[in-house]
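Working notes, structure below.
The values are calculated or read from the model by the stated rules, or taken from the named source; none is laboratory data. None of these values were measured; they are calculated from a predicted model. For neighbour counting, all protein chains shown are included, and Cβ atoms are generated from backbone atoms with ideal geometry for every residue, glycine included.
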Amino acid sequence: MKKFLLVAFLLMPALLMAKTQKLESFEQLMDALKEGKTVKAVFYYKDCQLISDNEIEDKSVDAVGGMNFETWEFFAKGSIRNLEAFVVSSTSKLIANPLGDGYVYNYVKIKVKENGKVKITANYVDSVSHEETMSENFFTEINKGEVGAAHFFAVE
């Protein structure tokens, strides 16, 4: 118990000094990533345009999701015949199936373009059969106050 209290006491200044910075542009996002900062993303899906099964939906799901940019790649304009620069990241986690029984792999990928547009793709893959059970694409932009449903934060 004494060791735990000592470690907690010693870590307290580091925790108190950790700074979170809201990123409100593609340039700020790229600067944070290139500086090696931890970047976290939070998505408010109900404020996004939803395309599910190749059809534009009238209403998006009232859900919130998030991910860390652990692995990412930046592509400069024209580097792969792309018209504008962009950064991509993805993650996959095993979760309890919110649509049924058992477990699914929740695969999320994000593409952020230099104009601030954001595409979030969410797929559920059955953990046993490996069949895709859901595929949705959400479109929004980087949050700048009242506009945009993709929020980005850099943690130092």
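Is it the case that Thr140 is out of contact with any Pro (no Cβ under 7 Å at 6 or more places or on another chain), surrounded by 17 or more Cβ atoms within 10 Å (Cβ to Cβ) and within 26 Å of Lys34 (Cβ to Cβ)? It is true that Thr140 is out of contact with any Pro (no Cβ under 7 Å at 6 or more places or on another chain), surrounded by 17 or more Cβ atoms within 10 Å (Cβ to Cβ) and within 26 Å of Lys34 (Cβ to Cβ). Here Leu50 meets the list (1) surrounded by 14 or more Cβ atoms within 10 Å (Cβ to Cβ); (2) touching a Leu at 6+ places or on another chain (Cβ under 8 Å); (3) not basic (Lys, Arg) almost entirely, failing just condition (2). Considering region 1-112, the qualifying strands (runs of 3 or more DSSP E), each wholly inside and each with 2 or more residues that are at pLDDT 95 or above, more than 28 Å from Tyr124 (Cβ to Cβ) and under 21 Å from the mean Cα position of the chain (by Cα), run over 20-23. Quick check on my filter: what residues within region 14-69 are in contact with a Ser or Thr (Cβ under 6 Å, 6 or more places away or on another chain), under 20 Å from Glu136 (Cβ atoms) and of a type outside the set (Ser, Thr, Tyr)? Selection gives Lys46, Cys48, Leu50, Met67. Cβ separations smaller than 6 Å between residues 6+ apart or across chains give the following pairs from region 60-73 residues that are on the phi < 0 side of the Ramachandran plot and of a type in the set (S, T, N, Q) to residues that are in a strand (DSSP E or B) and surrounded by 13 or more Cβ atoms within 10 Å (Cβ to Cβ): Ser60/Leu50; Asn68/Lys40. Restricting attention to region 124-154, the residues being in a strand (DSSP E or B), more than 30 Å from Asp101 (Cα to Cα) and free of Cβ contacts under 8 Å to residues at least 40 places away in the same chain number 2.
Give the residue that is surrounded by the fewest Cβ atoms within 10 Å (Cβ to Cβ), with candidates limited to residues of region 62-78 that are farther than 16 Å from Lys34 by Cβ and small (Gly, Ala, Ser). By that ranking, first place goes to Gly78. Taken over region 113-143, the criterion of being closer than 15 Å to Ala41 by Cβ, more than 13 Å from the chain's Cα centre (by Cα) and charged (D, E, K, R) is satisfied by Lys113, Lys117.
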